[in-house]
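A.B. asks: Provided herewith is a single structure, encoded as structure tokens, for subsequent inquiry.
Nothing in this text is a laboratory measurement; each read-out follows from the coordinates by a stated rule. As the structure is a computational prediction, the values presented were derived from the model and not from experiment. Positions of Cβ are generated from backbone atoms using ideal geometry, with glycine treated the same way; all protein chains shown enter the neighbour counts.
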Amino acid sequence: MDYEVTFQPDGKKVKVRPNTHVLDAARRAGVRIPTRCGGKMGCLMCKVHIQDGEQESCLPPKEAERRKLGSLLGQGMRLSCQTVITGNLTVTIPEDPLKAAVRKQLEAARRGEYDDFI
């Protein structure tokens, strides 16, 4: 039985086999999740948010992931390279901090708030 994984904010969907990692599912869907370590839990760049109520659609985190994420785990964050899919799942990819800063500045400029640019 295949499971459907939906990636937000793009809304892209992909069907995957049980026990597929979220990072692999994203690659199959053409969704970019940043990583430098190739999925070996070394860079911590591949953090994703698992929607509330869908935590049971993944295997629980192993001790190493628990140590790496700490309190972020309680906020629904997981490492996509370590998160194993066991059911239909919605995954949100957080916005890159640099892109978020640029977006905020552009929005401020559109509203006529130019103080941020001086």
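A.B. asks: Order these peptides, 69-78, 102-111, by their mean beta-carbon neighbour count within 10 angstrom, highest first.
C.D. replies: Packing proxy ranking, top to bottom: 69-78, 102-111.
A.B. asks: Taking N as the number of residues in the chain, what is its Cα Rg relative to 2.2 N^0.38 Å?
C.D. replies: Its radius of gyration relative to the 2.2 N^0.38 Å reference: 1.21.
A.B. asks: Here are some pairs, Lys40/Lys62; Lys12/Lys68; Lys13/Lys47; which of them have Cα atoms lying more than 25 Å apart in this structure?
C.D. replies: Too far apart for the 25 Å limit: Lys12/Lys68.
A.B. asks: Taking only C-alpha pairs under 8 Å that are 6+ residues apart, what is the relative contact order of segment 11-117 in percent? It would help to have the intermediate numbers written out before the result.
C.D. replies: Details: 130 pairs, mean separation 32.7, N = 107.
Reported relative contact order: 31 percent.
A.B. asks: Let me ask something additional. If the elastic network links every pair of Cα atoms under 10 Å, which of Ala29, Ala101, Ala64 fluctuates the most in the Gaussian network model of the chain?
C.D. replies: Maximum fluctuation in the GNM of the chain, among the listed residues, is at Ala101.
A.B. asks: Given charges of +1 on the Cβ of Lys and Arg and -1 on the Cβ of Asp and Glu, with all other atoms neutral, how large is the dipole of segment 3-117 about its Cα centre, in debye to the nearest 20?
C.D. replies: Value, rounded to 20: 500 debye.
A.B. asks: At what distance in angstrom do the alpha carbon centres of segment 23-50 and segment 56-83 lie from each other?
C.D. replies: Using only Cα atoms, the two centres lie 13 Å from each other.
A.B. asks: Distance in nm between label sites at Glu4 and Met41, each 7 Å beyond Cα in the beta-carbon direction?
C.D. replies: About 3.1 nm, to one decimal.
A.B. asks: How about segment 3-38: which trypsin sites (Lys or Arg not before Pro) there lie in a loop by DSSP and see at most 12 other Cβ atoms within 10 Å?
C.D. replies: For trypsin sites (Lys or Arg not before Pro) across segment 3-38 that sit outside H, G, I, E and B with at most 12 neighbouring Cβ atoms in 10 Å, the list reads Arg32, Arg36.
A.B. asks: Here is a further query. Given Val91, Ala25, Leu72, which one lies farthest toward the positive end of the charge dipole of segment 3-117, if we put +1 on the Cβ of every Lys and Arg and -1 on the Cβ of every Asp and Glu?
C.D. replies: Among Val91, Ala25, Leu72, the one farthest towards the positive end of the dipole of segment 3-117 is Ala25.
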